[in-house]
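Asker: Can you read through this structure? Questions will come right after.
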Amino acid sequence: MLDSVRLYCLRHGESANVLARAAGVLPTAGLTDRGREQASVAATALATEPIAGVYASSALRAQQTAEIIARAHGRRPTIMADLAEVGIGKLEGATDAATRARTAEVLRSWVVDGNLGPRVADGEDGHAVVDRMTRALTAIADTQPGATAVVVGHVASLTVALATICHPGTEIWGAPLPYAVPFLVERTPDGWRCPAWPTRPAATEQR
């Protein structure tokens, strides 16, 4: 029987690539000053939780967010490449409206229609994203049996993975993950569940 594990998942704080409206993995884009403040707020929110481990994607913005949270618990983050944002191949870093529209169209297909086949350009399809994200979340849960951990990831890859394994409902499509707001994801003997989807705090509304 699987041990129950509590994972506080969150999107990284505000980052330079988002402000530039650049699409893709963009692993070297770091946090803005505002993003660091948002990560500090997340660290405060999690201060009383018995955090056994902090995990992040290999993207700089996720690592920086995780480092701020981990420091509050006397820990160092573990980096996992499988937690990366959705790859869009040759369009990596594109800032044009057509790429943004296609990216939204593909993500909607994955999350709302449950059709994981489409992809942006020659990038990943939804099956690849869900497979690697589920692999990462399962590995974390297996490493922390009965414990609580933090997972810092990205808006698209977290959303499609959790939509697929937790089945929170298609209404999450109208509620994109806000910056650095932890929300609980549990693995129980009956499978994965997301008790609640996070909402954007009025005080830290995204730009």
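Only the coordinates and a few stated rules stand behind these numbers; no lab work does. Predicted, not measured: the structure shown is a model, and the values here were computed from it. Methodologically, a virtual Cβ is constructed for each residue, glycine included, from the backbone with ideal geometry; neighbour enumeration extends over all protein chains shown.
Asker: About the Cα centre, and with charges only on the beta carbon of Lys, Arg (+1) and Asp, Glu (-1), how big is the dipole of the chain? Nearest 20 debye, please. Working shown, then result.
Answerer: Details: 20 positive and 21 negative charges, 79 e Å.
Approximately 380 debye in magnitude.
Asker: Counting only residues 5 or more places away or on other chains, whose amide H sits under 5 Å from the amide H of HIS167 once H atoms are built in the peptide plane?
Answerer: Amide H to amide H, under 5 Å and 5 or more residues apart or across chains, HIS167 pairs with nothing.
Asker: Could you list TRP192, TRP197 so that the one with the fewest beta carbons within 10 Å of its beta carbon is first and the one with the most is last?
Answerer: Values: TRP192 20, TRP197 16.
Placing the least packed residue first, the sequence is TRP197, TRP192.
Asker: P(r) of the chain in 10 Å steps, Cα pairs, percent per bin?
Answerer: 9, 37, 39, 13, 1
Asker: I need the phi-derived Karplus couplings for the stretch 54-65: 6.51 cos²θ - 1.76 cosθ + 1.60, θ = phi - 60°, integer Hz, Gly and Pro marked x.
Answerer: The phi angles translate into 10, 10, 8, 5, 7, 5, 4, 5, 6, 4, 5, 4 Hz.
Asker: May I ask for the net charge around GLU124, where only other residues with Cβ less than 13 Å from the Cβ of GLU124 are counted and Lys, Arg are +1 while Asp, Glu are -1?
Answerer: Details: positive: LYS90, ARG119, ARG132; negative: ASP82, GLU85, GLU92, ASP122, ASP125, ASP131.
Charge balance in the 13 Å sphere: -3.
Asker: OK, next. In the chain, what cysteines have no partner Cβ closer than 4.7 Å?
Answerer: So, CYS9.
Asker: Under unit Cβ charges (Lys, Arg +1; Asp, Glu -1), what dipole magnitude, rounded to 20 debye, does the stretch 87-207 have relative to its Cα centre?
Answerer: On the way: 11 positive and 13 negative charges, 38 e Å.
The dipole of the stretch 87-207 has a size of about 180 debye.
Asker: Please go through the stretch 3-35 and write out the trypsin sites (Lys or Arg not before Pro) that DSSP classes as loop and that have at most 15 other C-beta atoms within 10 Å. Can you show the working numbers first?
Answerer: On the way: sites: ARG6, ARG11, ARG21, ARG34; in loops: ARG21.
When the trypsin sites (Lys or Arg not before Pro) of the stretch 3-35 are filtered for loop state and at most 15 Cβ neighbours within 10 Å, ARG21 remain.
Asker: May I ask for the net charge around ALA97, where only other residues with Cβ less than 14 Å from the Cβ of ALA97 are counted and Lys, Arg are +1 while Asp, Glu are -1?
Answerer: Here the count lands on +1.
Asker: Something else now. Considering only SER157, SER109, SER57, give the residue with the highest GNM mean-square fluctuation for the chain, with springs between Cα atoms whenever their separation is below 10 Å.
Answerer: SER109
Asker: Treat every Asp and Glu Cβ in the stretch 91-146 as -1 and every Lys and Arg Cβ as +1, leave all other atoms uncharged, and give the resulting dipole magnitude about the Cα centre to the nearest 20 debye. Provide the component values of the computation, followed by the final result.
Answerer: Details: 6 positive and 9 negative charges, 24 e Å.
Dipole size: approximately 120 debye.
Asker: Turning to a different aspect of this structure: Short version: ³J(HN,Hα) in whole Hz for each residue of the stretch 102-117, in order, from phi by Karplus 6.51 cos²θ - 1.76 cosθ + 1.60 (θ = phi - 60°), x for Gly and Pro, what are they?
Answerer: Those phi angles translate into 5, 4, 5, 5, 5, 5, 5, 4, 5, 7, 8, 8, x, 9, 8, x Hz.
Asker: To continue, here is another question. Using the count of nearby Cβ atoms within 10 Å as a rough guide to exposure, how do TYR179, TYR8 rank from fewest to most?
Answerer: Details: TYR179 29, TYR8 21.
The order, fewest Cβ neighbours first, is TYR8, TYR179.
Asker: To continue, here is another question. Can you give the calculated 222 nm mean residue ellipticity of the chain, where each DSSP H run of n ≥ 4 adds -39,500 (n - 2.57) and the sum is split over every residue, rounded to the nearest 500 deg cm²/dmol? All intermediate terms of the calculation are to be shown ahead of the outcome.
Answerer: On the way: 6 runs with 74 residues, N = 207.
Mean residue ellipticity at 222 nm (helix-derived): -11000 deg cm²/dmol.
Asker: Here is a further query. If neighbour count is taken as other Cβ atoms inside 10 Å, put THR65, THR28 in order from fewest to most.
Answerer: On the way: THR65 34, THR28 10.
So the ranking, lowest neighbour count to highest, is THR28, THR65.
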